[in-house]
Amino acid sequence: MKQINSYIDSVFYSQDSILEEVLISIKENGMRSISVSPSTGKLLSMLVSISGAKNVLEIGALGGYSGIFLAKGMGTEGKLTSLELVESYAKLAYNNLSKAGVGDRVSYMVGPALQSLEQLVSDRKQFDFFFIDADKENYENYLNYCIRLAENGALIVCDNVLANGSVADDSAEPRRHTEFMKKFNETVAKHPQLESIIIPIGDGLTVSKVKK
Ligand SMILES: C[S@@+](CC[C@H](N)C(=O)[O-])C[C@H]1O[C@@H](n2cnc3c(N)ncnc32)[C@H](O)[C@@H]1O
């Protein structure tokens, strides 16, 4: 998986100095280097632009790396709402999106994502694209909220669903979230309101289309 991802990154991803600076800022601020891979970011941007999404919800901002790809994919009329537990992370993400020229397209909701999602439901918000990339234990809860907040035909994309290959390979070192992800992938695959597939890029993405 690592070799294939390095190959895809090397052939299909062109270096971007602002995105490189974002990754450096994350390290300098003592945060974990757990942003999506460059090619995952490129794919997110392409999925947003191909689907024509204009109202994107991200769960898990970290330093704004994936947020920049999502915001760029939407174009100038788009709006990104990003949920992040840690206030200082949301501030860094906002600074980084501003440096990338897309700060005017994003707003952050700070606190546990489940609370922010409940708020969005009671405010009757709707979105046409979702990116889930926060605490794995809550993926199923996040998925259910995203379906409630989705317009018909919206896309829901979730990261880390292959858990470094361990969901498919019993000889691979299990991750803390391997069992969660196995169960989550089965839930997604069988969900009556979703049409879904896994794309094995980065750490694996489920891509689901919502039927309402
Ligand atoms: C893998 S990182 C996100 C990486 C980001 N999507 C990117 O690729 O640039 C996960 C983020 O989720 C946040 N997070 C974890 N638990 C959360 C929760 N309960 N509510 C909101 N955010 C949470 C973490 O603080 C962290 O910033």
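What follows is calculated from the coordinates using simple rules that are stated; it is not laboratory data. Note that the structure is a prediction, hence the values are computed from the model and not measured. We place every Cβ from the backbone using ideal geometry, glycine too, and count neighbours over all the protein chains shown.
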(request) Nearest 5 is fine: what % of DSSP beta bridges in the chain come out antiparallel, could you say? (result) 35 percent
(message) With just the Cα atoms defining each centre, how far is the stretch 27-96 from the stretch 138-212? Give it in Å.
(response) 18 Å
(request) Please report, in debye to the nearest 20, how large the charge dipole of the stretch 38-193 is about its Cα centre when each Lys and Arg carries +1 at its beta carbon and each Asp and Glu carries -1 there. (result) 380 debye
(request) With a/c under 1.5 counting as rounded, go ahead and sort the chain into rounded, prolate or oblate using the C-alpha gyration tensor (a ≥ b ≥ c being the square roots of the eigenvalues; past the cut-off, prolate if a/b is larger than b/c, else oblate). (result) rounded
(message) Could you work out [θ]222 nm for the chain from helices alone, using -39500 (n - 2.57) per DSSP H run of at least four and dividing by all its residues? Round to the nearest 500 deg cm²/dmol.
(response) -13500 deg cm²/dmol
(request) Taking amide H positions as placed in the peptide plane 1.01 Å from N, state which residues far from L83 in sequence (5 or more) or on other chains have amide H under 5 Å from it. (result) E58, I59, G60, M109
(message) Over 27 Å between Cα atoms: which of K136/K190; K91/K182; K182/K209; K99/K211; K42/K99 fall into that group?
(response) K91/K182; K99/K211
